[in-house]
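What follows is a set of notes on a single structure, which appears directly below.
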Amino acid sequence: MQRPHPVAYVLAVIMPLILLAAVATPLGAAWMIARQHQSPGSSTTPPLPNPNATDGEPGLGDPYYPQAGNSGYDVTKYQIMINWDPRTQTITGTTTISARATQPLNSFYFDLALHTDKVSVNGVPAESIARGFSDVHIKPAQPIAVDSTFQVVVGYSGKPGDIRQGDEQPWWSSDGEWTVAGEPESSAWWYPANDHPSDPALMDVSIRVPAGMQAISVGRLESADAGNEKDFDTWHWVARQPMASYLNFMTIGQYELKQGIDRGLPYVYAVSDKLPPDQRKTAFAALMTSGQRIRTLETMFGPYPFTEIGGVVPAHQLWFGGLETQTRPVYDARSILNRNFEPGLLTHELAHMWFGDNVTVRQWNDIFITEGYASWAQWGAAERTGGRKANDALNRAYERLKDNDNFWKITMIDPGRAHLFDAVYVRGPMALQALRNVIGDEAFFKFSRDWAQDPGSRTLEEWMADAQSYTTVDLGPFFRAWIYSPTAPARTAANGFRQ
């Protein structure tokens, strides 16, 4: 994900770092690479399943979002069926959650901010009680045994536009167009989920809308009229690889679509009809470069990890420049259409298909392994297509920032919730290019490919341990300088600097 400048998209590589106006509290350095975050004030990794517990708990203890997600089960698939009424701007939905119990369950939770109308577990009605903003407590008629699979069917309804939580909302409504997309959360506005990236699952999305409207989501478009109703169309999308709950999205409105096959990958690109024809043409021209950008990224990170590609440009003024919704990023129209448009935005979001989507964070303070790599990918792709060398980008960024103590206080091991999406866009790619300089191209790219091709949810500590296994160089001092330290790394060869 990247945030846009109020007037234009701010390229992560050369970000002016507005973030530096508000600095992080000094966090202190953690001088050992461990399997758990050691920064003061941080929680450790989410607790392991407790086989002796009999009730799931709301929240997984994420250090930045402790109430996100729920314990006691692992979701394997969501089948989401949405009916959208544009007149009342109301969702009526039914979602079937297929899961496996990681402990005995007399009760458990899921996350949903809309009204829960009814719930059944394994076909039997179950008791449900809403607690807090989005926690829904479920008590099945019969306890669920550990390691058993079960199905939860949730009927729900409500107006997503009426839901408020925090400063930035994942729901947009403007002139007959509606979109739900956001990070770190968005699912609670339109479907029930175990809403934490540590539990990726398959997604099957059907969206029923009045005939003539388009409804776009993730994965492959199976049908644009699955319901066969005269006055309604049901758009059916299926994702064939698991994804974190926030990587799913939905947008409804009047869209122009372009579909086809790009070297074996089906694509769907969509641009809002609310934009003038010349702007739609410009947006499509940018989106249609995605295939070539993916092929450049494949030379660095290995085969594209999914079975579809695409991109969406709504008419709303989004608070982000781009969001890595899986297989089909959502882009802010201002970022795409600005006369100073920087195509690195598309490279960044597409790089997230490897780093952030195929491999996602275990906790939100692991953000370095997603945003750091996506930002470095802009440097690497530019280098491979005749642009500036990535090492020159490192040196330029370091010279600009070396004396800015406020910037370096935001560490990569624990940037803090308030700085989750700022310093990593610059300190992240700097650290990665420095690592490349230390261990060499062969080890760096082999490590990055192997990491990116192994899907799942992992930690920054696991990344560091894996990196060490690809080299005989002791990376402990390097990681202390680049990942843990709240001060600028010394300009030394050991820290990855070279002319």
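The values are calculated or read from the model by the stated rules, or taken from the named source; none is laboratory data. Quick caveat: nothing in here was measured; it's all calculated off a predicted structure. FYI the Cβ positions are ideal-geometry reconstructions off the backbone, even for glycines, and counts take in every protein chain you see.
Points to keep in mind about this one:
- The condition (being in the same structural domain as residue 241 (by TED's automatic domain parsing) and touching a strand residue (DSSP E or B) at 6+ places or on another chain (Cβ under 9 Å)) is satisfied by just one residue among 345, 297: 345.
- Unique match (being at pLDDT below 95, over 14 Å from the mean Cα position of the chain (by Cα) and among the hydrophobic types (A, V, I, L, M, F, W, C)) among 301, 306, 341: 341
Residues are listed down the side, and each one gets a yes or a no for (1) surrounded by 20 or more Cβ atoms within 10 Å (Cβ to Cβ); (2) farther than 17 Å from residue 180 by Cβ; (3) aliphatic (A, V, I, L, M):
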site: 256; (1), (2), (3): no, yes, no
site: 259; (1), (2), (3): no, yes, no
site: 283; (1), (2), (3): yes, yes, yes
site: 290; (1), (2), (3): yes, yes, no
site: 304; (1), (2), (3): yes, yes, no
site: 309; (1), (2), (3): yes, yes, yes
site: 331; (1), (2), (3): yes, no, no
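- In region 117-172, the qualifying residues are those that are part of a strand (DSSP E or B) and polar (S, T, N, Q), and the one that is nearest to residue 192 (Cα to Cα) is 157.
- For region 64-85, the set of residues classified as surrounded by fewer than 17 Cβ atoms within 10 Å (Cβ to Cβ) and within 25 Å of residue 239 (Cβ to Cβ) consists of 74, 76, 77, listed by residue number.
- The residues of region 159-182 that are farther than 26 Å from residue 213 by Cα and touching a residue at least 40 places away in the same chain (Cβ under 8 Å), listed by number, are 165, 168.
- Cβ-Cβ contacts under 8 Å between residues 6 or more apart (or on different chains), taken from a first residue in region 212-232 that is surrounded by fewer than 14 Cβ atoms within 10 Å (Cβ to Cβ) to a second residue that is small (Gly, Ala, Ser), are listed as 229/211; 230/211; 231/211.
- Count of region 431-451 residues, restricted to those that are buried (at least 23 other Cβ atoms within 10 Å of the Cβ) and closer than 14 Å to residue 370 by Cα, is 3.
- Pair list, Cβ < 8 Å and 6+ apart or interchain, from region 356-375 residues that are farther than 17 Å from residue 414 by Cα and buried (at least 24 other Cβ atoms within 10 Å of the Cβ) to residues that are at pLDDT below 95 and among the β-branched types (Val, Ile, Thr): 375/13
- Filtered residues of region 127-158 (kept if among the aliphatic types (A, V, I, L, M) and without any contact (Cβ under 8 Å) to a residue 24 or more places away in the chain): 129, 130, 141
- All of 328, 384 fail the test of being at negative phi and under 12 Å from the mean Cα position of the chain (by Cα), apart from 328.
- When region 284-319 is filtered for residues that are assigned to a helix (DSSP H, G or I) and more than 24 Å from residue 203 (Cα to Cα), the ones remaining, listed by number, are 284, 285, 286, 292, 293, 295, 296, 297, 298, 299, 300, 301.
- Filter result (touching a Phe, Trp or Tyr at 6+ places or on another chain (Cβ under 9 Å) and buried (at least 19 other Cβ atoms within 10 Å of the Cβ)) within region 292-302: 294, 297, 300, 301
- Among the conditions (1) touching a Leu at 6+ places or on another chain (Cβ under 9 Å); (2) among the charged types (D, E, K, R); (3) surrounded by fewer than 24 Cβ atoms within 10 Å (Cβ to Cβ), the only one that residue 139 does not satisfy is (1).
- Any hit, region 158-172, residues being assigned by TED's automatic domain parsing to the domain that holds residue 113, surrounded by fewer than 24 Cβ atoms within 10 Å (Cβ to Cβ) and under 24 Å from residue 100 (Cβ atoms): no
- Scanning region 263-273 for residues that are farther than 19 Å from residue 323 by Cβ and either surrounded by 15 or more Cβ atoms within 10 Å (Cβ to Cβ) or in contact with a helix residue (DSSP H, G or I) (Cβ under 6 Å, 6 or more places away or on another chain) (or both) yields 265, 266, 273.
- Matching residues in region 245-276 - criterion: being part of a strand (DSSP E or B), farther than 16 Å from residue 175 by Cβ and hydrophobic (A, V, I, L, M, F, W, C): 250, 257, 261, 265, 268, 270
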